[in-house]
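One structure is given here, and the rest of the page talks about it.
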Amino acid sequence: MSAALVVGLLVAGGVFLLLRRGLLRIVLGFVLLGHAVNVLLVSAGGMQRRGAPLLGETEADVAADPLPQAFVLTAVVITFGITVYMLALARAGDPGATTGHPPARSDASSPADGSDRDDADREDADTEDATADRGRRTDAAEGGAS
Amino acid sequence: MTGGLLVLPVAGPLLLSGLLALVHQLRSDTTRLDRVVGPVAAGGVLVFAGFLLAATADGSVPVLQLGGWQPGIAIVFAADTFSAVMLAVTSLLVLVSLPFAAALGEDEDPAFVPLVLVLLAGVSGAVLTADLFNLFVFIEVMLVPSYLLFTAGGGAERLAAARLYVSISLMASTVLLAGVGLVYGAAGTVNLGELAGAGESSPAVGFAAAVVLLALSVKSAVVPLHGWLPQTYARTGPAVAALFSGLLTKVGVYAVIRLYSVVYGGTPRYLWVIMAVALLTMVVGVLGAVGEHAMRPVLTFHMVSQIGYVFVGLALFTAAGLSATVFFLVQYVLVKTALLMCAAVVEHRYGTGELDRLGGLARREPLLAGTFAVAALTLAGIPPLSGFVAKLGLASAAASAGQHLAVALVVGVSLLTLLSMVKLWNGVFWEPPAEDGEGEGAEGPAVDDGGAPAVASALGSRVRPLVLAPPVFLAAAAVVLGLWAEPLLTISTAAGAGLADPSGWVAAVTGR
């Protein structure tokens, strides 16, 4: 029961964050979802038996199921690696991505998208980006307040 | 063939990838070594798959219980004809794609070949494993290098597409893992052999496995979960897109077919869902392609449409339907890669794939145009090419199962496919180039980002024949498989029979 509640809460939080703008929030949402799935995996092995699953040390009827624990260990490593990569993606290239700019489409290339920009006016455009960035940040703050 | 060797297609590429990465630390320039080791590894897996095809032809299933544990406890590798033919076609694609990427200069990143080898190991593992959690792990082993390959070359647009690609993949993987957890909770095992038929007999397992199928449907880009595919594949490196098209979504398709065949025992109860999704995917994919005006977006929408075709045979779940599905899958993977390679060559040489800025390439590049034409007609299903044999098989299987709507759509969507292939042909190869005003005479580089017609400004040399060797080879395979379909039909019939009645596979996996 408590495991179900924890999974429900984590999924709710994760989905809420996934639906927010900004890659950073999405990454945090995935972290929460990953935790939810890990709790689900552990509870799939049964929550009653909690003993360390060691032959000769623990009775079979109190030993926990080791298989889901191995699943969780594998899943944690994979999720961790991908999370770090996503954070790198959020940092690389368009600085607006972390703050809530939706992924750019090529056919609707906006000035802040940066895909067809010459080297000469890169500095100019970067300052533009920064201003646009600040604008977005206030937007997001207002959105959060309302 | 003994089952113990089944670990080779996974371990071999992984080991070589690690060794290459080590050598990269010691020596500065390893491009030449990379260009030898990569194809050698892929060729090795291809040869292995050939032996596996011969060994499984009589219906026997080589099995490896990893670590020598008892059946039921060990992680199991098993190969039937379906696994073997998937292994063969994916390794063939890697073998062809590596020299192609090298010819286009997309393998400049020193990590390129090691990453492709890890990708190959993941795909091999995914088609050989008989364990649900292991399937999840191998899909991740396949996806992680794909994230890195996706962004190779960089650029703001590609990074933006990569964010979408990684997010969607991670979402699907999370759902997949949750599904595996639910299956374990409901059935107490993730061994596919032990799970045989459980999806049909137990509602809890059936629901849990449906969560897994949902996640795999995202990976195979089935409508309504297809939106990410045209958004992302059209924006990665052209040669990388050609490589991905044959490997990533196809593993999702393979897993859906395998799971439905084994875990649900092909129960007719849910077949209508698969049929509805398959028909919707065919129609929506092809209609999406009509609205696009550049080579790769059109081709990636057709990928979605063709995946619908593959699922039509699964939705029939007759031996004829399943063998038509296997035949379709194999020939379509080859042809689609050939088409995407043609698009990659055009984009690489002329700097764009947009139809408005291309034209008249048939005269400049007759070999490229011919290759594209053969592959496009194969995709549309014109006799005597292999696409015709595949669609004929699907249509006749659907007709004998009484699914008349499916027959009508298989034929109708082919017409729309032909229409949009003709559009590509006209726009890129046939019509005279769009008004060559300002671009004329400008001896600029081939890659110009202005609005000028790309062909007019791309003076100088044509595409080197060597670059065209991989797509020409794949298009030739389409012709050969159409005119001399017998060997592949034999293989696909054996694979279809094994899927329609998976008891031999299940018995081998469980050791009972």
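Observations, loosely collected:
- Near pairs, Cβ below 9 angstrom, 6+ apart or cross-chain, from segment B:52-68 (closer than 11 Å to B:SER83 by Cβ) to any residue that is among the polar types (S, T, N, Q) and in a loop (DSSP other than H, G, I, E, B): B:PRO62/B:THR2
- Residue count for segment A:12-24, restricted to those that are free of Cβ contacts under 8 Å to residues at least 60 places away in the same chain, of a type outside the set (Phe, Trp, Tyr), part of a helix (DSSP H, G or I) and more than 9 Å from chain B (Cβ to nearest Cβ): 4
- Residue among B:VAL36, B:VAL10, B:VAL63 that is farther than 22 Å from B:THR490 by Cβ, crowded, with 17+ Cβ neighbours inside 10 Å, more than 23 Å from the chain's Cα centre (by Cα) and not polar (S, T, N, Q): B:VAL63
- So B:GLY193, is it at positive phi and surrounded by fewer than 24 Cβ atoms within 10 Å (Cβ to Cβ): no
- B:LEU119 vs. criteria more than 10 Å from chain A (Cβ to nearest Cβ), under 21 Å from B:LEU19 (Cα atoms), surrounded by 24 or more Cβ atoms within 10 Å (Cβ to Cβ) and touching a helix residue (DSSP H, G or I) at 6+ places or on another chain (Cβ under 6 Å): yes
- Output for segment B:355-368, where each listed residue is buried (at least 21 other Cβ atoms within 10 Å of the Cβ) and either without any contact (Cβ under 8 Å) to a residue 40 or more places away in the chain or under 26 Å from B:ALA102 (Cβ atoms) (or both): B:LEU358, B:LEU361, B:GLU365, B:LEU368
- All positions within segment B:381-421 that are buried (at least 18 other Cβ atoms within 10 Å of the Cβ), closer than 21 Å to B:LEU339 by Cα and either of a type in the set (S, T, N, Q) or more than 22 Å from the chain's Cα centre (by Cα) (or both): B:SER386, B:SER414, B:THR417, B:SER420
- Helices (runs of 4 or more DSSP H) fully within segment B:184-285 counting 3 or more residues that are within 23 Å of B:PHE301 (Cβ to Cβ): B:203-219, B:228-233, B:238-262
- Pairs, first over 13 Å from B:LEU334 (Cα atoms) in segment B:81-95, second crowded, with 24+ Cβ neighbours inside 10 Å and among the charged types (D, E, K, R), C-beta under 8 Å, six or more apart: B:PHE82/B:ARG258
- Residues (surrounded by fewer than 24 Cβ atoms within 10 Å (Cβ to Cβ) and either hydrophobic (A, V, I, L, M, F, W, C) or in a helix (DSSP H, G or I) (or both)) located in segment B:286-295: B:LEU287, B:GLY288, B:VAL290, B:ALA294
- Of the criteria (1) within 14 Å of another protein chain (Cβ to nearest Cβ); (2) more than 23 Å from B:LEU143 (Cα to Cα), which one B:TRP228 fails: (2)
- Of the residues making up segment B:66-82, one or more are part of a loop (DSSP other than H, G, I, E, B), buried (at least 20 other Cβ atoms within 10 Å of the Cβ) and touching a Pro at 6+ places or on another chain (Cβ under 6 Å).
- Qualifying residue in segment B:422-436 (condition: loosely packed, with under 14 Cβ neighbours inside 10 Å, modelled with pLDDT of 50 or more and not in a loop (DSSP other than H, G, I, E, B)): yes
- In the condition set (1) surrounded by fewer than 22 Cβ atoms within 10 Å (Cβ to Cβ); (2) facing chain A (nearest Cβ under 9 Å), B:VAL180 is compliant with all but (1).
- Segment B:242-251, subset touching a residue at least 60 places away in the same chain (Cβ under 8 Å) and within 19 Å of B:VAL222 (Cβ to Cβ), residue surrounded by the most Cβ atoms within 10 Å (Cβ to Cβ): B:LYS250
- When restricted to residues that are more than 14 Å from every other protein chain (Cβ to nearest Cβ) and either free of Cβ contacts under 8 Å to residues at least 40 places away in the same chain or assigned to a loop (DSSP other than H, G, I, E, B) (or both), segment B:122-138 contains 1.
- From the list A:GLY81, A:GLY34, the one residue that fits, being closer than 24 Å to B:THR236 by Cβ, at pLDDT 85 or above, at the interface with chain B (Cβ under 7 Å from one of its Cβ atoms) and not in a loop (DSSP other than H, G, I, E, B), is A:GLY81.
- Segment B:139-167, subset at the interface with chain A (Cβ under 8 Å from one of its Cβ atoms) and part of a loop (DSSP other than H, G, I, E, B), residue modelled with the highest pLDDT: B:GLY155
- Applying the condition of being at the interface with chain B (Cβ under 9 Å from one of its Cβ atoms) and of a type outside the set (A, V, I, L, M, F, W, C) to segment A:37-63 and asking which residue is farthest from A:THR79 (Cα to Cα) yields A:GLY46.
- Only one entry of A:PRO68, A:PRO103, A:PRO95 meets the criterion of being within 13 Å of chain B (Cβ to nearest Cβ), modelled with pLDDT of 80 or more and surrounded by 12 or more Cβ atoms within 10 Å (Cβ to Cβ), and that entry is A:PRO68.
The values are calculated or read from the model by the stated rules, or taken from the named source; none is laboratory data. Quantities reported herein were computed from a predicted structural model and do not represent experimental measurements. Note that each Cβ is placed from the backbone with ideal geometry, even for glycine, and that neighbours are counted across all protein chains shown.
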